[in-house]
Every structure is written in C-alpha cells, then in structure tokens.
Amino acid sequence: MRTLLIALALTAASANAAEWLQAPREDGAKTPLRVFVPDSGTTCAPLAVISPGAGGSEQGLEYIGDSLRESGFVAIVVGHRESGAAPLRDKMRKSGVRGGLLDLTTDPQAYRDRLMDIGAALKWIGEPACRSTFSVLIGHSMGAATVMIEAGALNQLGVSGGDRFDAYVALSPQGPGSIFPEHAWTKVRKPLLMVTGTKDKGLEGDWNWRTKPFADLPNGCKWLGVVNGASHMNFAGGGLSGATQKVTLLALNAFLDSVRNNCIMPPPKAKGITLMSK
C-alpha cells in the first residue's frame, strides 16, 4: 500500500512539475517536502535531496530542483521547520539580525532536526529498498553546513552525520569558525562540489573564508567553483540571480556527470565561474 501511495504522489508531482508533501520523521514530527519528478515518473531515478538555508523552506531553490528534474533526477527540496522562517524571526527579535542568524546556525539541535528531515525524505522515497542508481545531497548556507556534517566533516556542535549519499554539493559553505574547527574536512572522502561567489559574505568571513575547506579535502573528485560577482542570496535565487543560477547549474550538472562517470571528466571552462579540482 505504501509503495502505491508513493507512486500516486509521484505521478501527481510529475504531472504538475512539483508536489508538496509531508513525510513522517523518526521523532514523530512531519517534514514538508517539495518533490520534482522527471517525465519518466519513476521512483528509482537518480535522487537529489536539497537542503535550504536558515529561514528557507521547501518552496526555495526551485531552480535547482527543476533543472535536476529535467536531467532525469527525482529532486526533493526539504523544509526544515525548526530552522525555517518563524524560528529565524524569533531569534532575530531577541538578538538582532547577525546575532539571530548566528544563534540559529550554531544550534546543535537544529542540525539534528535537519538530519532527521533528510532521513524522512530518504525513507519516503524508499531508500534503501528502492536503491536509486545515484544519490546526492545539495545544500545552501546552513544547508551547506548540513551537507558537510552529513559528509563527515568534524564540527564543534557534537552532531554526527550518516554519510548516506554518493556525492555532496555545498553552496556558500562555511570556513573554520563557530561551526567547524580548523582542518575539519580531512575525513570527507566522497565526491564534493563547493561553490561560492566573490560577493558571498558570511557571518565569519568573506568568500575567501568560504573556500578554505577545499585545501583540507582529500584528493579525489573534489571541485571548487567561484562565481564572479555572485552574492550569498544569489545562490538562493534572490536578487539579480539569473547569471549566478546559470553558471551554478552548469557547474552542478558537470560535476554530477563526472561523478557518475568515475570522475574522469575535468571541470569545464566557462565565462563567469572559475572551477578547479583535486
């Protein structure tokens, strides 16, 4: 019966490009999901789970979900209620904009909740019983920190990820600071793409700070992209983000193609983004 319900939901999502759903979490809470399904409608297509930043929701990062759907992926944007808009507003009222953001993005329980949300998405789609041919976790900002924790980066919050994906993508990742100590990324073994922009300022540094994890990553299918002129919110789809989205998707799709072909394809050269690998 559960398989039939999933199939019916995915058929509806395919017909409407995306569908909003609720998935049960291991602690009894419900995780909101927005599911993008390829034209094939199959539940066993390659899988992308997408984690938005602090204050975001399953309604965001549509440009990534829709692009991956067109590339044949089932793409699921996860809503993280405990680190969504309402909790962020509450913290900002108490501590101001910067203080509120820092309070939320360094809250260990918020990351435990996020990892449970991701687990709810995986369970809903049928992993591992319906083991997709390939899976990737993608995150922006606080979602990028979630990606790194899931992938095995050491952190100062006492939170452990399960490394449940074949590859990882971190948009606007964090350097060393309140979340990650120095040299936190040496145990991230699986393929990883990091992308930032030259106007991508963070709470604890500029865009150069965001690139620091790359030096620590072990060699082997690790990519770093820097988008000329891109700001933090451009990656989330805010502001004049069309050019940023275009080159971000170029890097994302090239990286995923390379990983799925044993990492033999080098990063492409493209106007507006500098890509390197190790």
* All positions within the range 252-277 that are part of a helix (DSSP H, G or I) and either under 18 Å from S172 (Cβ atoms) or touching a residue at least 24 places away in the same chain (Cβ under 8 Å) (or both) -> L252, N253, F255, L256, S258, V259
* To do: Give the number of residues within the range 24-70 that are in a loop (DSSP other than H, G, I, E, B), among the hydroxyl-bearing types (S, T, Y) and closer than 17 Å to G238 by Cβ.
  => 1
* Only one of K201, K190, K222 is among the basic types (K, R), without any contact (Cβ under 8 Å) to a residue 40 or more places away in the chain and more than 21 Å from D117 (Cβ to Cβ); which? -> K201
* **Filter result for the condition that a residue is among the charged types (D, E, K, R) and modelled with pLDDT of 95 or more, over D107, D90** => D107
* To do: Find the residue count for the range 250-270, including only residues that are within 18 Å of the chain's Cα centre (by Cα) and over 16 Å from A167 (Cβ atoms).
  => 1
* Asked: Any chance the range 130-142 includes a residue that's farther than 21 Å from E182 by Cα and in a helix (DSSP H, G or I)?
  -> no
* To do: Inspect all residues belonging to the range 229-236 and state whether any of them is among the polar types (S, T, N, Q), more than 27 Å from A121 (Cβ to Cβ) and either buried (at least 22 other Cβ atoms within 10 Å of the Cβ) or in contact with a strand residue (DSSP E or B) (Cβ under 6 Å, 6 or more places away or on another chain) (or both).
  => yes
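The values are calculated or read from the model by the stated rules, or taken from the named source; none is laboratory data. All values derive from a computational prediction rather than experimental measurement. Methodologically, a virtual Cβ is constructed for each residue, glycine included, from the backbone with ideal geometry; neighbour enumeration extends over all protein chains shown.
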